[in-house]
Amino acid sequence: MRTVGEIKTTIEAGLGKTPCDLKLINVNLVNVYSGEVYPTNIYIKGKRIVSIDPDAELQAVQEIDCQGRYALPGLIDGHIHIETTLLSPEAVGEVIVPKGTTTVCIDPMEIANVAGIEGMKAILASIKHLPFRTFIEIPSRVPTAPGLETTGGVLGVEEVKKVLEWSDSISLGELDPSKILFVREEYLEKVASTLQQRKIVNGHAIGRLGQELNVYASAGISDDHECVNYEELLARIRLGMTVMVREGSSERNVERLIKGVVENGLSTENLIFCTDDKHASDIMSEGHINYNINKAIALGLDPIKAIQMATINAAKHFRVEDEIGSITPGRKADILIVDDLKNITPIIVIFEGTVVAENGRLVTKRIKTHYPAKLKNTISFARPITADSFVVRSENKDFTKVNVISIYPDQIINEWIHHVLPVEEGIVKNDVENDILKLAVVERYGKTSNIGIGFVKGFTLKDGALASSVSHDHHNIVCVGTNDEDMAVAVNALKEMQGGFVTVQKGKVTGKIQLPIGGLMSEKSAEEVIRENEAVNQAARELGCSLPAPFMTLSFISLPTVPQLGLTDLGLIDVLNHKIIDLEVKS
């Protein structure tokens, strides 16, 4: 928020009574309000823009000659879980800032599900010192599915009200339709508390259309980042909702959605961009929000409209356009200097008036935060885990029909299918030849001894097992394997590591990445984490896995709010009906 002193300083610099700190000369300004591009100078004092008048003749301590390049506002990610980058907030800046992202709207529901409000405080402790801005989308679902999963932390109505008072809180985080359609009082109280403070409520309405979507929107839900086709996008726009066009590691939605927008000439006024869940290695190789922009432009969207989606549209949606989202007087000086408007690759990134990245690299000093020991010791089992822990028994002879989660590449939604599996001496077996593998979710907070067992199609493993302590949103341990012995080794390896990803073959760990902060994030630099993540992904490929982001896909299988099936420590979940179902199909 602006102080009297800050306003006075900006005015005096604009009147020429004091020199500006920085002047960008010989620059073409992308004005996201008018949609124009024109030559001018940009004057900055402190953290704010003083003037963009081409005829102004103000003094400045420093000048940067932009050599005819373009200046556009810093990019905004409308919805991101920092935890799924696998990086600490400090290391996140190393990958997103050089790509031009200067503001992220984070939903810290992952760490909240692990360690509650104290976990959130620990993660957010360093945000004021980072070279990017962080707004908080207050987790609305901790746990995501009460009664259907076990979590480490809980955020009830009173906890949400407390976080709403934090100066950096901007919205109530993604709320799935079951909380509205089943008229759950606790969540309606959270929504009402948010709306009373004139903040918005984020949505998570995958697969919902028609009257259900109307009811959902009527509760005050402002947006949705779960659209996977143009029909869903248009339905939300018609109801006055904003659509966040997402491109993550396993949720690739830009192509289908933007193609529909371009082909149908739909207005982009209520469209913004987000990444949701994207590994650091993918950000480094592809880009962050600039990747969404560039891909949209390549699909035929006008470059100015694509830039507006990533800047002013997002700022307006979150009601912070008076502070960010444009290069206009009084706003924060978040500016990118780029060579080409059809390929947003920043040459210079300025955050709040300071150059923070140049030529693809961060130029500010990395800040290191020391996280509490409790947050790095979050995995314990109520009973020992052995191969017998994963045995599935059946009363059927020879064969049994089971419910199976069939995954889609590049999406987090899945298909509910049936498959007949062999039964030997009362024990249900995998069908590796047909890619039907055992899936398990192991409760990792030491509260129960729950292990949910299911079957999954799509990982194409020929041998061994994969396991992860990142599993949305409860973050119990999720494991897929061709045999029970390797699954047990993998799960126990994660306990020893206190979190991460692991691959196992023939009883030996063949690949791993350690994520000790809540079992979700590394303490290492971005480059180290990217190198380790690439190595463990390669280890998964050597076991036969053909998925582009195997551990990201694995992490979403246990989500009980994404259709059609989910698996938690309590068992197999029918997502749309919000209930536990049997593994075997009853005849």
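The values are calculated or read from the model by the stated rules, or taken from the named source; none is laboratory data. Bear in mind that the values here come from a model prediction, so they are computed numbers and not experimental data. Every residue, glycine as well, gets a Cβ built from its backbone with ideal geometry; the counts of neighbours run over all protein chains shown.
Observations
- Residue in region 314-325 that is in a loop (DSSP other than H, G, I, E, B), more than 25 Å from the chain's Cα centre (by Cα), more than 27 Å from residue 256 (Cβ to Cβ) and not small (Gly, Ala, Ser) present: yes
- Cβ-Cβ under 6 Å pairs, at least 6 apart or on other chains, region 1-25 side touching a residue at least 40 places away in the same chain (Cβ under 8 Å), far side surrounded by 15 or more Cβ atoms within 10 Å (Cβ to Cβ) and basic (Lys, Arg): 10/45; 10/48; 13/45; 20/45; 21/45
- Residue 9 vs. criteria in a loop (DSSP other than H, G, I, E, B), of a type in the set (Ser, Thr, Tyr), over 30 Å from residue 305 (Cα atoms) and touching a strand residue (DSSP E or B) at 6+ places or on another chain (Cβ under 9 Å): no
For every residue, the table says whether it meets (1) surrounded by fewer than 24 Cβ atoms within 10 Å (Cβ to Cβ); (2) within 30 Å of residue 126 (Cα to Cα); (3) touching a Leu at 6+ places or on another chain (Cβ under 6 Å); (4) basic (Lys, Arg).
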site	(1), (2), (3), (4)
475	no, yes, no, no
492	yes, no, no, no
509	yes, no, no, no
531	yes, yes, no, yes
546	yes, no, no, no
551	no, yes, no, no
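- Once region 57-92 is narrowed to residues that are modelled with pLDDT of 95 or more and among the small types (Gly, Ala, Ser), the residue that is farthest from residue 15 (Cα to Cα) is 78.
- Residue that is within 15 Å of residue 287 (Cα to Cα), over 24 Å from the mean Cα position of the chain (by Cα) and not hydrophobic (A, V, I, L, M, F, W, C), where the choices are 332, 342: 342
- For residue 82: the one exception among (1) touching a helix residue (DSSP H, G or I) at 6+ places or on another chain (Cβ under 8 Å); (2) crowded, with 24+ Cβ neighbours inside 10 Å; (3) more than 30 Å from residue 473 (Cα to Cα); (4) of a type in the set (Val, Ile, Thr): (3)
- Test: residue in region 282-295 that is modelled with pLDDT of 95 or more, in contact with a Lys or Arg (Cβ under 6 Å, 6 or more places away or on another chain) and farther than 25 Å from residue 521 by Cβ: no
- Among the residues listed as 171, 178, the single one being of a type in the set (S, T, N, Q), surrounded by 15 or more Cβ atoms within 10 Å (Cβ to Cβ) and either modelled with pLDDT of 95 or more or not assigned by TED's automatic domain parsing to the domain that holds residue 231 (or both): 171
- Restricting attention to region 32-59, the residues that are in a strand (DSSP E or B) and surrounded by fewer than 20 Cβ atoms within 10 Å (Cβ to Cβ) total 4.
- Of the residues making up region 361-420, those that are part of a loop (DSSP other than H, G, I, E, B) and among the basic types (Lys, Arg) number 5.
- Qualifying residue in region 290-297 (condition: part of a strand (DSSP E or B), of a type outside the set (A, V, I, L, M, F, W, C) and farther than 30 Å from residue 167 by Cα): no
- Every condition in (1) in contact (Cβ under 8 Å) with a residue 24 or more places away in the chain; (2) over 29 Å from residue 144 (Cα atoms) is met by residue 531 except one, and the failing one is (1).
To keep it simple, each residue is scored yes or no on (1) within 37 Å of the chain's Cα centre (by Cα); (2) not aliphatic (A, V, I, L, M).
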position	(1), (2)
5	yes, yes
11	no, no
14	no, yes
45	yes, yes
53	no, yes
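- Only residues that are touching a residue at least 60 places away in the same chain (Cβ under 8 Å), touching a strand residue (DSSP E or B) at 6+ places or on another chain (Cβ under 9 Å) and not in a loop (DSSP other than H, G, I, E, B) were counted across region 120-141, and they come to 5.
- Boolean, residue 459 is at negative phi, crowded, with 20+ Cβ neighbours inside 10 Å, assigned to a loop (DSSP other than H, G, I, E, B) and not hydroxyl-bearing (Ser, Thr, Tyr): yes
- Where residue 427 falls short, out of the listed (1) free of Cβ contacts under 8 Å to residues at least 40 places away in the same chain; (2) in contact with a Phe, Trp or Tyr (Cβ under 6 Å, 6 or more places away or on another chain); (3) hydrophobic (A, V, I, L, M, F, W, C): (2)
- Residue in region 332-348 that is buried (at least 16 other Cβ atoms within 10 Å of the Cβ) and of a type in the set (Lys, Arg) present: yes
- Looking across region 167-190, the residues that are over 28 Å from residue 230 (Cβ atoms), part of a helix (DSSP H, G or I) and touching a residue at least 40 places away in the same chain (Cβ under 8 Å) come down to 187, 190.
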